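In what follows, a single structure is set out as structure tokens and then discussed.
The values are calculated or read from the model by the stated rules, or taken from the named source; none is laboratory data. Note that this is a predicted model, so its numbers are computed, not measured. No Cβ is skipped: glycine too gets one built from the backbone with ideal geometry, and neighbour counts run over all protein chains shown. Only protein heavy atoms, including side chains, enter the accessible area calculation; ligands, DNA and RNA are left aside. Shrake-Rupley method; radii C 1.70, N 1.55, O 1.52, S 1.80 Å.
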Amino acid sequence: MHLMIPGPVPCSPRVIAAAAAPPPGHLEPRFLSDFGSALASMRRVFRASAASQPFVIAGSGTLAMELAVQNLIDPGDRAVVLSTGVFSERMAEMARRRGARVDVRGAPVGAVPTLDPIDADIVFVTHVDTSTGVRMDLQAVRAAAPEALLVVDGVCSVAGEVLEMEAWGIDFALTASQKAIGAPPGLALAVAGPRALARHGLLHVPPPLSLDFGAWAPIMRAYEAGSPSYFATPATSLVRALHHALDEIEQDGIDARIALHTSRAAELRAAWATLGLTPVATVPANTLSALWFPDGVGPELIAAIRERGVTVAGGLHPDAKARYFRVGHMGWVLTQPDILRDVVRAIGGALGHPGTEAAAGCISG
Ligand code: PMP
């Protein structure tokens, strides 16, 4: 069975071995060096400045979102959320609970919000919205909000889409281990730039201790320096798996890895077009495809695809849930053209489409 949902994604054999070995102690020299190397690598993968601080904390992407909200907002702050779907709405709810005055700027399913000038203390944007497959132009967001702190939910984009934290003026970017980085689920990953770190230093209302940059930053710095340190026990097996996943990405280089996501996404879009499938997103991402069910077809297609050995995901956006399905295409699996052809064949076969072999032929290698 091939797991082709938009996360968790299939892990490479090396990452599986790293996750499956006996859990290391959190103060073992080997673990210190794996953790330190993962943190240093994150700065390169996020294209962050030397003055930025990476964080790796046990939890999922939702916890990484909470890290941003709790460390960068004081009650009463003015927040704008550019909403492309379910995950932007979640961010808005978190900001409201922290006491921010939240202005949500939405768009119809699959579209991007209009970028009128933004006057706010902080702006939240989902780079790739996993519920719709739509990608936002982060440089255009920065241009619309030149002053505000800019927080990017990159859960479905980091290591799969071009994202330049420093060059594009992004103050905080976050992801999770189970997406394009290609490790198992369970780690919240974030990088705070200098302006975000300074904002945290000026908070009037401290964050919950378990999420506080003030508690975690010295621990992350210690691990990066190779010295033992403790605030709360890290998820040691997962951190080791993360180190191997990032190291694998860096062996080819992050640019090559992103280029692979771009070229595979183009091949898959050609395959979907051959099968008569159209994307939900007006600006489709490289990391997943959200595809409308063709006329006369409904969610039963997902079970028929599964019978052919491939798991895809259903729709997620509440306004269109039953009318589309989603295929994740990120991480190691993109280096496996035979698997990708099988995925296209399973979908074409479930549709009973005569062009199935032609669609599979869109995948190179
Ligand atoms: N943001 C985006 C864009 C996501 O795709 C997801 C998960 N699919 C999340 C946030 C939340 O991540 P998690 O499920 O790991 O909590």
**Request:** Give just the number: which of (1) in contact (Cβ under 8 Å) with a residue 60 or more places away in the chain; (2) in contact with a Pro (Cβ under 8 Å, 6 or more places away or on another chain) does GLU248 not satisfy?
**Result:** (2)
**Item:** Evaluation of ALA107 against (1) crowded, with 24+ Cβ neighbours inside 10 Å; (2) among the aliphatic types (A, V, I, L, M); (3) in contact with a Ser or Thr (Cβ under 9 Å, 6 or more places away or on another chain) (one fails), failing number
**Value:** (1)
**Item:** THR132 being of a type in the set (Val, Ile, Thr), within 18 Å of LEU174 (Cα to Cα), crowded, with 24+ Cβ neighbours inside 10 Å and within 12 Å of the ligand (Cβ to nearest atom)
**Value:** no
**Request:** Could you tell me which of the residues GLY298, GLY315, GLY309, GLY253 is in contact with a strand residue (DSSP E or B) (Cβ under 9 Å, 6 or more places away or on another chain) and either farther than 22 Å from ALA358 by Cβ or modelled with pLDDT under 95 (or both)?
**Result:** GLY315
**Message:** Of everything in region 177-197, what is of a type in the set (D, E, K, R) and buried (at least 21 other Cβ atoms within 10 Å of the Cβ)? Give them in sequence order.
**Reply:** LYS179
**Request:** Kindly state which strands (runs of 3 or more DSSP E) lie completely within region 144-196 and contain at least 1 residues that are closer than 16 Å to ARG257 by Cα and within 12 Å of the ligand (Cβ to nearest atom).
**Result:** none
**Message:** Any residue at all in region 198-213 that's in contact with a helix residue (DSSP H, G or I) (Cβ under 8 Å, 6 or more places away or on another chain), in a helix (DSSP H, G or I) and open to solvent by less than 10 Å² (accessible area, probe 1.4 Å)?
**Reply:** yes
**Request:** Working only within region 16-42, note down all residues that are open to solvent by less than 40 Å² (accessible area, probe 1.4 Å) and either in a helix (DSSP H, G or I) or basic (Lys, Arg) (or both).
**Result:** ALA18, ALA19, PHE31, LEU32, ASP34, PHE35, GLY36, ALA38, LEU39, ALA40, SER41, MET42
**Message:** So for region 201-220 (the condition being touching a Gly at 6+ places or on another chain (Cβ under 6 Å) and of a type in the set (D, E, K, R)), does at least one residue qualify?
**Reply:** no
